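Participant: I am attaching a structure below and will ask some questions about it afterwards.
The values are calculated or read from the model by the stated rules, or taken from the named source; none is laboratory data. Everything numeric in this text was worked out from a predicted model, so none of it was measured. Quick reminder, even Gly has a Cβ in these numbers, built from the backbone with ideal geometry, and neighbours come from all protein chains shown. These accessible areas exclude ligands, DNA and RNA; they are computed on the full protein's heavy atoms, side chains included. Shrake-Rupley method; radii C 1.70, N 1.55, O 1.52, S 1.80 Å.
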Amino acid sequence: MADNSFGRIFRFTTFGESHGVALGCVVDGTPPRLPLDETYIQGFLDRRKPGASRFVSQRREDDKVQILSGVFEGETTGTPIALMIENTDQRSKDYSNIADQYRPGHADFTYQQKYGIRDYRGGGRSSARETAARVAAGAIAHKILAHYYPDLTIRGAVVQIGTHKVNYDNWNWEAVAKNPFFCPDADAVAVWEAYLDETRKNGSSVGAVLEIVAEGVPAGLGAPIYNKLDAYLAAAMMSINAVKGVEIGAGFASTSIPGTEAGDAMRMDDGGKPIFTSNHAGGVLGGISTGQPIVARFAVKPTSSILTPRPSVNRDGEDIEVSTKGRHDPCVGIRAVPIGEAMMAAVLVDLLMQHLAQCGAVPEL
């Protein structure tokens, strides 16, 4: 029973642990003759890696990717692409004191119950370090999408940290790359800085809400019932570490929108093409893309590794208090933006290939 792979036609399998020698992935289903090199993939990994600011983990990993197979003379060959990222800044001693303890909010207890053994160093396989491999695989998905739809974009942003939300009236995609929070509202940055500094000082952590938007996606991707685009996308986002909720389009807020508005009315544009007057559905109807922007949001819980002692138990069945040492993000959701973008890309590529296999051609824009 394998549980480390994602996708059907475009499929990747990740491997490795937080404090192991290396982590990586094997990507299968990539079309041949696409230009691909390590520099391209590295650009995506650099947006996710730790140590980029004082608001994220201070673990110093360069996350340098190596292509081990599937690329020849700068082009994909159509065979499996193996990618490896070495771990170079492990501090396993930080975790020696919790070898027999179950940290609240972590997968320590559940991994022990399922396998009878666990790698306690940084959470082992359950660590968010695994997501570096997803981002590497997502870079290849981005490359495939660009081949078929050069104008397609996938962008993400943090829209809430703790109780502090962005003002959507101030939304500016260009601002996202100009602050350490992937924040689209320049006015929110100073508030978030003070908030996270105080959170770290108090030995605690906070959660976040992220929004991922894909634009330039053609109508027709996805399928009814069991392979709905929105269901597949929700599963992809829920598979990211610490994610506890996903919504598409208006999501839970749609319950407060009257039916006279919620249905996303349609009209014909000047070019004779149908358009929508709103996008409460988030670009998906009946599990199939509408051609509108696909909008997904997901909630990331507060980082479970904090210095404040909390009640727990150990493997001997004793009541204890656990304080987690190490270098941890006060808000792990910040670095999840490129991860969410990668999973969006992987879902869209896989559904594009499924559509091609069934219908014989990719959808036209």
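Participant: Cross-link candidates for Lys228: which aspartates and glutamates have Cα within less than 17 Å, leaving aside residues fewer than 8 places away along the same chain?
Facilitator: The qualifying aspartates and glutamates are Glu247, Asp350.
Participant: Kindly write out, for region 309-318 in residue order, the coupling ³J(HN,Hα) from the Karplus curve 6.51 cos²θ - 1.76 cosθ + 1.60 (θ = phi - 60°), rounded to whole Hz, with x marking Gly and Pro.
Facilitator: x, 9, x, 7, 9, 10, 5, 8, x, 9
Participant: Name the residue, out of Lys114, Lys201, Lys64, whose mean-square fluctuation peaks in a Gaussian network model built on the chain with Cα pairs under 10 Å.
Facilitator: Lys114
Participant: Another question, if that's okay. What net charge do the residues around Phe15 carry, taking every other residue with its C-beta under 15 Å from that of Phe15, with Lys and Arg at +1 and Asp and Glu at -1?
Facilitator: Numbers: positive: Arg11, Arg125, Arg129, Arg134; negative: Asp3, Glu17, Asp28, Glu86, Asp119, Glu130.
Net charge around Phe15: -2.
Participant: Once label points are set 7 Å from the Cα along Cα→Cβ at both Met238 and Phe109, what is their separation, rounded to one decimal in nm?
Facilitator: Each label point lies 7 Å from its Cα, and together they span 2.1 nm.
Participant: Most fluctuating residue of Asp350, Asp46, Asp89 in a GNM of the chain with Cα springs under 10 Å: which is it?
Facilitator: Asp89
Participant: Please give me, ordered by residue number, the GluC sites (Glu not before Pro) of region 220-322 that lie in loop per DSSP and have at most 10 other Cβ atoms within 10 Å.
Facilitator: Glu318
Participant: How do 128-139, 155-166, 304-315 rank on mean C-beta neighbours within 10 Å, highest first? Before the final figure, lay out the partial values.
Facilitator: Working: 128-139: 26.2, 155-166: 19.8, 304-315: 15.7.
Highest-to-lowest ranking by the protection proxy: 128-139, 155-166, 304-315.
Participant: Can I ask one more? Taking amide H atoms as placed 1.01 Å from N in the peptide plane, list the residues 5 or more away in sequence, or in a different chain, whose amide H sits under 5 Å from that of Glu75.
Facilitator: Leu36
Participant: Of Lys114/Lys143; Lys49/Lys325; Lys64/Lys143; Lys301/Lys325; Lys273/Lys301; Lys178/Lys244, which sit over 30 Å apart, Cα to Cα?
Facilitator: Lys114/Lys143; Lys273/Lys301
Participant: If you average 1/r across every pair of different Cα atoms in the chain and take the reciprocal, what Kirkwood value do you get, in Å? Display every interim value, and only then the final one.
Facilitator: Details: mean 1/r = 0.0462 Å⁻¹.
For the chain, inverting the mean 1/r across all distinct Cα pairs yields 21.6 Å.
Participant: Under a Cβ-Cβ cut-off of 12 Å, what is the net charge of the residues other than Gln160 that fall near it, where Lys and Arg count +1 and Asp and Glu count -1? If you can, show how the numbers build up before the last one.
Facilitator: Working: positive: Lys165, Arg297; negative: Asp185, Glu211.
Net of charged neighbours comes to 0.
Participant: Given H placed on each backbone N at 1.01 Å, which residues far from Ser278 in sequence or on other chains put an amide H within less than 5 Å of it?
Facilitator: Ala265
Participant: Here's another thing I want to ask about it. Mean residue ellipticity at 222 nm from the helices of the chain, using -39,500 (n - 2.57) per DSSP H segment of n ≥ 4 over the full residue count, to the nearest 500 deg cm²/dmol? Numbers along the way, then the final one.
Facilitator: Details: 8 runs with 89 residues, N = 365.
Mean residue ellipticity, 222 nm, calculated: -7500 deg cm²/dmol.
Participant: Mind ordering 28-37, 266-275 by average Cβ neighbours within 10 Å, highest first?
Facilitator: Averaged packing, sorted descending, gives the order 28-37, 266-275.
Participant: Using a 1.4 Å probe, what is the accessible area per residue for the chain, in Å²? Mind showing how you got there, number by number?
Facilitator: Working: 17170 Å² over 365 residues.
Per-residue value: 47 Å².
Participant: Return P(r) of region 140-293 (all Cα-Cα pairs; 5 Å bins starting at 0; whole %; ordered from short to long distances).
Facilitator: 2, 7, 13, 17, 19, 17, 12, 7, 4, 1, 0, 0
Participant: While we're here: Only Lys, Arg, Asp and Glu count, each charged at its Cβ (+1, +1, -1, -1), so figure out the dipole size of the chain about its Cα centre, rounded to 20 debye. Walk me through the numbers on the way to the answer.
Facilitator: Values: 36 positive and 42 negative charges, 157 e Å.
The calculation lands at about 760 debye.
Participant: Applying the Karplus parametrisation 6.51 cos²θ - 1.76 cosθ + 1.60 with θ = phi - 60° to the phi angles of region 14-31, what ³J(HN,Hα) value in whole Hz is obtained for each residue in order, glycine and proline being reported as x?
Facilitator: For region 14-31, the Karplus-derived couplings read 9, 9, x, 10, 4, 10, x, 5, 7, 9, x, 7, 10, 9, 10, x, 6, x Hz, x marking Gly and Pro.
Participant: Starting at the first residue of region 289-294, write each ³J(HN,Hα) from the Karplus equation 6.51 cos²θ - 1.76 cosθ + 1.60 with θ = phi - 60°, in whole Hz, x for Gly and Pro.
Facilitator: 5, 9, x, 7, x, 8
Participant: Residues with amide H under 5 Å of Val159's amide H, sequence separation 5 or more or different chain, H placed in the peptide plane at 1.01 Å from N; which?
Facilitator: Counting only residues 5 or more places away or on other chains, the set is Val209, Leu210, Glu211.
Participant: Which net charge results for the neighbourhood of Leu365, defined as the other residues with beta-carbon distances under 15 angstrom from its beta-carbon, given Lys and Arg at +1 and Asp and Glu at -1? Each step should come with its number before you reach the end.
Facilitator: Working: positive: Lys273; negative: Asp151, Glu215, Asp269, Glu364.
Surrounding charge for Leu365 is -3.
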